[in-house]
Amino acid sequence: MEIIRSQRKPVHIDVVPTLPLYRSAPPLEVRLEDFELYAMDRLRVLKGIADGLSRGKKSEEMKNLADHLWKANMRHLDASEVVNKDIISHFVLRLVYCRTEDLRKWFLSMETNLFRYRLLFEKAEVQRALMAEFDLPYRAASNAELESVKEGLKQVAQSFGQPLAADAIFYKVPFEEVPELVAGRRVFIHKGYAYIAMNQVVSLVSTQFRSHLSKALILTNRKWTSTIREQEKDRLTPIVEALCSSYLGPDYSQPREFAEISIKDIDQIAKSSFPLCMRHLFEKLREDHHLKHGGRMQLGLFLKGVGLKLEDALAFWKAEFSQRVGSERFDKEYAYSIRHNYGREGKRTDYTPYSCQKIITSAPGVGDHHGCPYRHFRTNLQYKEFLGALATNIDGVLPS
């Protein structure tokens, strides 16, 4: 590896980087509830980043999204504990996501993205300090070296609408160390080396971070399978194994203030604002004038939750079911369960709508239409119907 020594005076780095590199687990005592809560908060950040990337957000949008997610989820009542929460949550999720190749791949990608976006908000001095932390052997290219490739550097700068500053600092590194910059054609490459501008150091440091984390995940997996899983089988293991599949969305099962909806508006609201799982059930009810028990419970409690009064609910369900089973049979076999859901029969419990987690983990059988479309629709017909609904769905979706 070739290192170009600068002819400038050496720069002494006295800045202490505040961005952790997570090289070793800290000797901290962590309460069991914090162990899980910290991890879930960080997981919200990582899944938010994954969602933004899947939606094709641009680099600047992703940078701002990551900053927003971090500030919203990684706060702590005690400001002095923010750094500890950062470090603890990383190592907990490292334990969670070390267990399979797919989990490691996802975690490695999202943590590297998070690290890069956070690093972009740091000052140049901090970025250089992190280079020193990784003990990278790269130094600024000499004036003579830069003069020999000046035209190439100028062309790359102009392709991005930026002038080449006379006093610009460049690092000469093997091109494979900065695959992101090479893929984006944002660096000048000469004889196998890429010339990295000072404002591109983030890519170089992020690549080193990814490399270190990748190796650490393998080592963590070995410790997990050899000792930790068995030693902690009654305490930490159940939490670790459940975290990667935990539902992290809002809790819609809690009572809230809401406006009432009426029967005359329900078709329009269903078309414009129901989540896909409820919209599918609603359309099947209109089509078949019947739903099995699981579908009636899922849709019925949802309608109650969005503001359909008991009297209107009885009228709505009776109007549909009567076309299939008749009014008398409806009154005998189905009306009771509707009143029961509203707390007017039996133990008079005020039941709440199903949470997303309950819907996702349900097990619909043959002829059932309830459940989560993303999880349970397997047949070609169901999938085509679902895609059709997805294509026509508009903004303003009500929670399920």
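When residue 353 is tested against (1) in contact with a Pro (Cβ under 9 Å, 6 or more places away or on another chain); (2) farther than 28 Å from residue 375 by Cα; (3) surrounded by 14 or more Cβ atoms within 10 Å (Cβ to Cβ); (4) of a type outside the set (Gly, Ala, Ser), only condition (2) is not met. Taking the criterion of being in contact with a His (Cβ under 9 Å, 6 or more places away or on another chain) and buried (at least 17 other Cβ atoms within 10 Å of the Cβ), the only residue of region 136-151 that qualifies is 149.
For residues that are farther than 23 Å from residue 209 by Cβ and surrounded by 11 or more Cβ atoms within 10 Å (Cβ to Cβ), tally how many sit in region 152-184.
Total meeting the criteria: 10.
Yes or no: residue 73 out of contact with any strand residue (DSSP E or B) (no Cβ under 6 Å at 6 or more places or on another chain) and within 19 Å of residue 243 (Cβ to Cβ)? Yes: the conditions hold for residue 73.
Bear in mind that the values in this text are calculations on the coordinates, not laboratory data. Keep in mind that what you see is a predicted model, and the values were worked out from it rather than measured. Cβ coordinates were reconstructed from backbone atoms using ideal geometry, including for glycine residues, and neighbour counts include every protein chain displayed.
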